[in-house]
Amino acid sequence: MGAQDLCLIIVFSVLCILFGALNSQNLTCDDGDLRALRNLSRALDSGIDGWGGENSSSNCCDWPGVLCNSSTGRVVHLVLGSRRLKGNLRAVEPSFRSLDQLQVVNLSRNLLKESIPDSILRLPNLEVIDLSYNEFSGPVPMTFDLPSLRFFDISQNSLSGPLPVGICVNSTQVRFLNLSVNYFSGVIPSGFGNCGLLEDLILGTNNLNGGFPEDIFQLGRLSRLVIQDNRLSGQLSSGIGNLSALVHLDLSLNEFSGDLPDVFSNMKRLQYFIGHSNSFTGSVPSSLSNSGSLVFLNLRNNSLRGKIALNCTAMKSLVSLDLASNYFAGILPENLPDCQNLTNVNLAKNSFSGEVPDTFKNFQSLAYLSLSNSSLTNMSSAMEILQQCRNLTYLVLTLNFFDEPLPSDPSLSFPKLRVLIAANGRLRGSVPQWLSKSADLQLLDLSWNRLNGSIPPWLDDFKSLFYLDLSNNSLTGEIPKEITLLRGLIDRNISLEEPSPDFPLFMKRNVSARGLQYNQVLSLPPTLDLGHNSLNGPIWPEFGGLRKLHILDLRNNFLSGPIPSNLSGMASLETLDLSYNNLSGTLPSSLAGLSFLSKFSVAYNNLWGPIPTGTQFATFPNSSFEGTRLCGDHAPPCSSLDHNTTAKSDRIGKIIGTTFGVVAGISFILGLMILIVWRTRTPGEVDPEKEYEGDHRHCSSRDMEAQESRLLVMFQNMERSYEKLMYEDVCKATNNFEQGNIIGCGGFGMVYKATLPDGRRLAIKKLSGDCGQMEREFRAEVETLSRAQHPNLVHLQGYCIDRNVRILIYSYMENGSLDYWLHEKPEGPTTLCWSMRLNIARGAAGGLAYLHQSCEPHILHRDIKSSNILLDKDFKAHLADFGLARLICAHDTHVSTDLVGTLGYIPPEYGQASVATYKGDVYSFGVVLLELLTGKRPMDICKPRGSRNLIPWVIQMKGDGREGEVFDPNIFGKQHDKEILRVLEIACCCLKDSPKERPSTEMLVSWLQKVDTDC
């Protein structure tokens, strides 16, 4: 029943509709129902495809999503889910009243807004209502008249007010009730106990407080109770033990405190107990630790203490146990292997002591084990014991076995091991030979230890290894060339068997940094980190074959020789750090082809020559090139000739100059004589010199074309006073594009401030790289972009083409970029109060929605980030750099992501497909929302790994009920906490892994407008 009922009903409805379509010639739609459906279609902004159009039937029983009763012709099913319907159903209240024979209404996953119409809640025959995943708002009526109702789902909307407990007054047949992911507030009122047949009650992710009303504990048939992510508090009532039919109980992410009541012995069907991220104290209740039905027990992140005492002889069904982040002490429970089906064990971050019990050698079902941060000792014994767990796949031992040797016994063997993390233990020894027998290894992290010796060449035997971190050790010798043959970094054609969702991996980069949680191995970027060792020798050209590698970190070693130009073959590379080595020679220009490169450093090497120009190199800070003799945009200017050739050039110059002078003199005399003779023979013709009098340029027709291209083309809808500007005016206004006038940089080029003689200012973007276009194509593209006019877009005023130089002229934004105010301003983001940040988010969302939906043609931005959100004198947000990808490569027949993308903002799906999407822009916008909320950058490679990536950290903290710790203290804890939490929910919706689950930009605008605040 419950959720299964819905599936059966929906499937039955679809089958009935298909069957009805085959037999609709025998049915005639009721006239009243026909009028009601036509009114419904007309009232919706989107209309309904196939309803009442020129090519559609006049018989509504033939319309898609409609099912009629076979004998009466009355409409009984209305199934219109996922049809992008838009509009306000309140306008068609009478239509729903007329459809009084409806049994099923499914309008889920649309864009319906405003309040839910009363009439839909007063249909006597209605059995199923699914209005989930819409934009309904406001309170839900407290009175219902749905005597036949069995299934009611209004989740994933913006509904507010008290919970509509009135549904249980006369809907006594209801079995499934889902009110989750809304804004219902206040206490849970009494009344749900009247729904005596209720099997599923889902109230999660609202703003509920208080405790449980006692009448809920009268629901004898309740099998699922989900109340996670609210603010329920106090001690959990012992009445919970009366819910004897319960199968799934989720109390996580609340504020419950005190001991868990020992009342679960009557729950003979209980399989899932999820209570993580509360403040429970005491120990695991005996009625839970003796449950024979329990499959999944998660009490992570509470304040439980004492010893873990599970009766594994009785707990024969237990598969997953997570008691991490508590205060359990003593030795590890020796009897865990007696839980015969236990696969997932997470006991990290407790206060255990001693060694891994010898009984663990009998743990044949164990696949995932985390004992990190548990102060365990005797690693040699631990590995001897754990190798007997023949199904062990994931082993996390970080922050244990301090100063012990890493076991080197060649007889050790972990044949199924895929993940081994043993970092931050100051372990001694070398990379052990026995690891070579773990042929399926995918992730190996031995960082922040004291390992010595060389990197073993047999690492290339790992066909699936895509994450290798040996950084911060004392490894010596050359990097083995075999490491460039890792198949997991060449094609990553590997099969990843993911752990259960409740087995997080914590990656740490140093002793003091906080760990960063990854719930899935796929979330980790393909990485090769060998930094902070004592490695020497060359960087092999074969590194260029690692096409799937995202991060290559070789800094702080003694590597020497040139930087191979072949490194440009690492097409997916996002981070390349070669700093603090002994590398020599020039910087290969081919590196400019690394389109996704966002973090780069060759600082403090023996490098010289020009820095590559264009693409991503314009975005790197000067510190990336410090301590070298490189020259160019981020370093001293490059001289045209070096010191060794100057003297020789001077001598050659003198010879050439003397010769040229003699030849020029003779030519002048001969020319003068010819001119005199010619003029005496043609006295009546006009002197050609007089024809150009006053024009010192003497332009030929080709010169005239060149001069015409140097004129600035200003668009008609811009200020008329700019119409006579020329390229020379821009050069003067930017002081010949002087570095001091740079106000921004990005993947498409530098932006300069231009100050005109009358004091007005413009922003000039000088496009970098080969535009790859004919002049006519470029003009057409720019003129298309100029038609994008919206109050929240930076206006494109004009453009200029001067040979290979192409510039764009924009309105000047007085307050620079959002990135500056959040991350670069010396005093931090204190200036931006919450109201300003919210208005910036609203403005940027409005501009993006215009590009996606209203502008013709529609425009993908493809590089949404805080540095591309500019602020005018009133701190109004304006999107910049939209559509520039087409100016760089307009000949592509599809939208490729090869040219743009900034680390930290790139959607996860771009790693699997090179096609940008509107939902990719939404993901990047979600990252910007996190920046506004936290004041932190989305990615900072220079920081320890535990604090590098903002997104998973925020999501994990939110999952642990600690979201208050992620917000910028300048805005949180004051008077707008509710609004801030709501914007965090919106950001998390934007950051969904699946693009289909992300909202449209139109929904973003609507959601943000509903967040009310005053500064």
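Nothing in this text is a laboratory measurement; each read-out follows from the coordinates by a stated rule. Computed from a predicted structure; not experimentally measured. Virtual Cβ from ideal backbone geometry, glycine too; neighbours counted across all protein chains shown.
Between N170 and Y327, what FRET efficiency follows from the Cβ-Cβ distance if R0 is 51 Å, with the result rounded to 0.05? It comes to 0.55. Sorting 364-370, 866-872 by average packing, meaning the other beta carbons within 10 Å per residue, from highest down gives 866-872, 364-370.
Distances between placed amide hydrogens fall under 5 Å for F600 paired with L576, all partners being 5 or more residues away or on another chain. Placing unit charges on the Cβ atoms only, positive for Lys and Arg and negative for Asp and Glu, gives region 228-330 a dipole magnitude near 260 debye about its Cα centre.
A Förster radius of 25 Å combined with the Cβ-Cβ distance from D262 to V187 puts the calculated FRET efficiency at roughly 0.45.
Extension gain, W434 to D358: 0.36 nm times the residue separation minus the Cα-Cα distance gives 25.3 nm. Each Lys or Arg adds one and each Asp or Glu takes one away; over the other residues whose Cβ falls under 9 Å from the Cβ of L552, this sums to -3. Neighbour counts of C-beta atoms inside 10 Å place M315, M836, M142 in the sequence M142, M836, M315, starting with the fewest. Peptides 439-452, 559-572 ranked from most to least packed by the mean count of surrounding Cβ atoms within 10 Å: 439-452, 559-572. Applying D = kT/(6 pi eta Rh) to region 1-207, where Rh is the Kirkwood radius over alpha-carbon pairs, T corresponds to 4 °C and eta to 1.567 mPa s, the Stokes-Einstein value obtained is 75 µm²/s.
Going down the table (K919/K958; K936/K1010; K548/K865; K765/K958), which pairs top 29 Å between alpha carbons? Numbers along the way, then the final one.
Values: K919/K958 23 Å; K936/K1010 25 Å; K548/K865 24 Å; K765/K958 40 Å.
Check vs 29 Å cut-off fails for K765/K958.
Cβ under 13 Å from L80's Cβ, L80 left aside: what net charge do those residues give with Lys, Arg +1 and Asp, Glu -1? Local net charge: +2. Peptide packing for 924-937, 539-552 was compared via the average number of neighbouring C-beta atoms within 10 Å per residue; ordered from the highest value, the list is 924-937, 539-552. Remark: spin-label model distance E997-H858 equals 2.3 nm, labels positioned 7 Å along the Cα→Cβ axis.
Close amide-amide hydrogen proximity is noted between G744 and V751, each under 5 Å apart and 5 or more residues distant or on a separate chain (H modeled in the peptide plane; Pro and chain starts excluded).
Computed across region 419-499, the Kirkwood hydrodynamic radius from all distinct Cα-Cα pairs reaches 13.1 Å.
Please give the contour-minus-distance gain from N582 to S57: 0.36 nm per residue of separation, less the Cα-Cα distance, rounded to one decimal in nm.
181.2 nm is the gain from fully extending N582 to S57.
What is the extension gain from N335 to T377, computed as 0.36 nm multiplied by their sequence separation minus the C-alpha to C-alpha distance, in nm to one decimal?
13.2 nm
Amide H contacts of G138: S160, each under 5 Å away and 5 or more positions distant or on a separate chain (H built 1.01 Å from N in the peptide plane; Pro and chain starts excluded).
What FRET efficiency, computed as 1/(1 + (r/R0)^6) with R0 = 30 Å and r the Cβ-Cβ distance, is obtained for N209 and E93, rounded to the nearest 0.05?
After rounding to 0.05, the efficiency reads 0.35.
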